[in-house]
Structures are given as C-alpha cells and as structure tokens.
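Heads up: the structure comes next, in structure tokens.
The values are calculated or read from the model by the stated rules, or taken from the named source; none is laboratory data. Source: prediction; values computed, not measured. When we count neighbours, we look across all protein chains shown, and the Cβ atoms used for this are built from the backbone with ideal geometry, even at glycine.
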C-alpha cells in the first residue's frame with residue numbers, strides 16, 4: 001500500500017463508519033474488483049468530513065455530510081458533486097467525479113467519490129520559504145483560475161438552474177443572517193449591526209455567474225513542481241451568484257490580519273513579491289474584461305463577505321460545541337467569528353463617513 005499523505009490521520013471516532021459497507025458499494029458502483037479497501041481522514045475540512053479511500057492501486061477522495069443535527073440547506077454534497085462534474089469539461093481544473101450516493105444506509109450520510117489529486121496545498125498565503133518570484137506566480141495563478149470560473153456560461157455546462165438569478169446578495173445576506181442566528185452561542189453586537197445595515201445598502205447592478213463561495217489559496221491543489229492549479233476543491237457553497245461578491249470573498253485575505261485566518265493584512269507585499277489588493281483586483285478586471293469596480297461597491301462587497309465568513313465561523317463553533325465538527329481546529333475557527341464581525345462593522349463605519 002502506498003504511504004499515506006501527511007495531510008491525513010486516522011478516522012475520528014465521531015466520523016467513523018463501516019468500511020466494508022463502503023467497499024461493497026465501491027465494488028457495485030465504481031471499481032468492481034476493489035479489494036482491501038482502507039480509509040483515512042484528511043485533517044482539513046471544517047464542514048464536510050473528507051476521507052482518502054485506498055482500494056488496491058486506486059485512490060479516491062470521499063466527501064460526506066457530517067453526522068448529527070444539521071442546519072437547513074447546509075452540507076449539500078449533492079450540489080458539490082453536480083458542479084464539479086459539470087465543470088469537468090471546462091478550463092476550470094477540478095477532480096474527476098465517479099458517483100454520488102444518497103443512500104444513508106451505506107455510511108450513515110450522503111457522500112460522493114472523486115479522484116485523489118496529488119499536489120501541493122498552501123495553507124499560508126504568505127507562502128513562507130518561497131522566493132518573491134515564486135510567490136507572485138502562485139498568486140497570479142489563483143487569480144487566473146477564479147477569472148476562468150467567472151467566465152463560464154452556466155447554461156452552457158448544464159448549470160443554468162443551479163441557483164436563482166438576480167438579487168444574489170440580498171438573498172445571501174438573509175441566508176447567512178438566519179444561519180448565524182440559528183447557531184448563535186453568544187451575543188456579537190457587530191453581527192446584529194451588520195444584519196440590519198447590509199440589506200439596506202446593496203450596490204446597484206446585478207450579474208449572474210457560477211460562484212465558488214469559498215475560493216481561497218488553501219482550497220486549491222497546485223502541481224507538485226509548477227505554479228499551476230490542478231484542482232479546485234470545496235464546492236459546497238457554490239451556486240449562481242454575483243461574481244464580484246465571490247471575488248471579494250477571495251480578496252478578504254488582504255484585509256484580515258495575519259493572526260486571524262492566515263490573513264495578509266499589513267504584510268510587506270513588495271518584499272514578499274505578493275501583489276497588493278489593488279494589483280490583484282486590477283489583474284482580475286483585466287482577465288474578465290472589466291473597466292474597473294467603483295470604490296464604494298468594492299468596500300461593500302468586502303464588508304458583506306467578512307460578515308458572511310463570521311457567520312460561517314459561528315456555525316463551526318456551534319458544531320464544535322455539539323462535538324461533531326470535522327476539524328481539530330474547529331474551536332479556534334469558531335472564535336474568529338467575533339473579530340471578523342467587528343472588522344466588518346468597523347469597515348462599514350468608515351464607509352458611512354466617506
């Protein structure tokens with residue numbers, strides 16, 4: 001058996017399942033001659049538990065809904081499977097998918113199987129240990145791929161009905177407000193302020209594209225030796241939506257301090273070779289054919305996304321307290337909800353004064 005990647009660990013007790021039941025399903029639906037099936041769990045993945053499945057010489061990645069009580073519409077592995085499959089023939093690099101299983105009797109919850117893609121995952125956007133030129137190439141590739149995604153016509157790849165069109169931000173603010181309130185574990189005044197202010201100040205203009213929903217440098221796999229993305233992962237939050245909202249979410253890292261969610265806020269960009277936020281935004285606009293983005297609109301999209309990730313962090317905290325969060329760092333992630341919300345509200349207060 002090949003050596004396990006260092007990103008895996010033994011399956012956590014709360015995420016364990018009957019491996020023989022999975023092996024039989026694998027033989028029935030994917031690999032008829034599958035023998036000696038073994039399962040390990042990836043260390044990352046705050047939301048949907050993710051496993052490495054080894055069956056002889058073949059390796060697969062299994063993504064499943066977590067066990068336990070779940071928020072409505074959360075952990076939609078069926079949607080994740082659908083979008084990855086649909087993008088398989090585009091310029092957006094995604095793993096090959098094999099099958100979706102919605103029969104909960106197999107491993108306890110719905111799951112899907114896709115190719116295991118070997119490569120590099122960069123957890124820190126500062127890219128320690130690299131040269132300035134290497135860092136610039138890596139960040140430019142991340143920029144290129146999200147621009148490719150936003151250039152895909154949803155209808156052309158069978159995703160014209162993957163989400164509602166129009167009023168995306170209004171619907172997202174309402175959704176994440178409800179998700180936050182459903183998982184609230186303490187009072188965060190900044191979140192209450194954002195829930196009131198954001199719906200009343202949405203920028204004019206609307207667009208619809210496929211949005212990833214959680215696009216960031218540690219949700220892509222790079223080629224083992226080249227500055228080239230070979231797979232974009234974690235499509236759970238993907239839908240049809242406003243591409244600028246999706247891109248602004250990705251760009252929050254430039255506003256977040258390095259100690260919170262591995263941010264880039266305040267680093268020496270020139271010394272590191274990492275593009276500034278304005279340079280990065282300009283590259284995206286060039287690739288997507290935009291003349292630019294109004295400053296006030298851009299600031300709104302960033303504040304909205306800080307609110308959104310604070311709501312996500314709050315959900316992680318609630319699952320951690322229930323004992324079914326899928327990552328060892330879940331509590332630490334959950335504690336980021338308050339500083340992220342406060343950062344978002346301070347940005348709104350500056351915007352109100354401008």
On the given criteria, is residue 236 modelled with pLDDT of 95 or more and in contact with a helix residue (DSSP H, G or I) (Cβ under 8 Å, 6 or more places away or on another chain)? no
Does residue 172 qualify as being assigned to a helix (DSSP H, G or I), assigned by TED's automatic domain parsing to the domain that holds residue 230, out of contact with any helix residue (DSSP H, G or I) (no Cβ under 6 Å at 6 or more places or on another chain) and buried (at least 17 other Cβ atoms within 10 Å of the Cβ)? yes
Residue check, residue 340 against (1) more than 16 Å from the chain's Cα centre (by Cα); (2) in a helix (DSSP H, G or I); (3) free of Cβ contacts under 8 Å to residues at least 40 places away in the same chain; (4) under 30 Å from residue 50 (Cα atoms), all met but one. Which one? (3)
Some residue of the range 107-121 being crowded, with 20+ Cβ neighbours inside 10 Å, in a helix (DSSP H, G or I) and at pLDDT 95 or above: no
It is to be established whether one or more residues within the range 179-195 are touching a strand residue (DSSP E or B) at 6+ places or on another chain (Cβ under 8 Å), in the same structural domain as residue 349 (by TED's automatic domain parsing) and modelled with pLDDT of 95 or more. no
Residue pairs qualifying under the 7 Å Cβ cut-off, at least six apart or on distinct chains, with the first in the range 314-330 being within 18 Å of residue 175 (Cβ to Cβ) and the second being modelled with pLDDT under 80 and buried (at least 24 other Cβ atoms within 10 Å of the Cβ), are 316/325; 319/325
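This table checks each residue for (1) farther than 27 Å from residue 221 by Cα; (2) modelled with pLDDT under 90; (3) buried (at least 20 other Cβ atoms within 10 Å of the Cβ).
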site	(1), (2), (3)
16	no, no, no
22	no, no, yes
26	no, no, yes
31	no, no, no
38	no, no, no
43	no, yes, no
48	no, yes, yes
51	no, no, yes
Name the residue, out of 264, 321, that is assigned by TED's automatic domain parsing to the domain that holds residue 189 and more than 23 Å from residue 145 (Cα to Cα). 321
What's the number of the only condition in (1) surrounded by 20 or more Cβ atoms within 10 Å (Cβ to Cβ); (2) within 28 Å of residue 277 (Cβ to Cβ) that residue 136 fails to meet? (1)
Are there any pairs, at least 6 apart or on different chains, whose C-beta atoms fall under 7 Å, with the first in the range 78-100 and outside the structural domain of residue 111 (by TED's automatic domain parsing) and without any contact (Cβ under 8 Å) to a residue 40 or more places away in the chain and the second assigned to a helix (DSSP H, G or I) and surrounded by fewer than 17 Cβ atoms within 10 Å (Cβ to Cβ), and if so, which? none
Checklist (1) without any contact (Cβ under 8 Å) to a residue 12 or more places away in the chain; (2) assigned to a loop (DSSP other than H, G, I, E, B) applied to residue 184, failing item: (1)
Just checking, does the range 135-143 include any residue being under 26 Å from residue 246 (Cβ atoms) and not in a helix (DSSP H, G or I)? no
Residue check for residue 243: touching a strand residue (DSSP E or B) at 6+ places or on another chain (Cβ under 8 Å), surrounded by fewer than 19 Cβ atoms within 10 Å (Cβ to Cβ) and farther than 16 Å from residue 312 by Cα: no
Counting only residues that are over 23 Å from the mean Cα position of the chain (by Cα) and assigned to a loop (DSSP other than H, G, I, E, B), the range 271-290 contains a total of 3
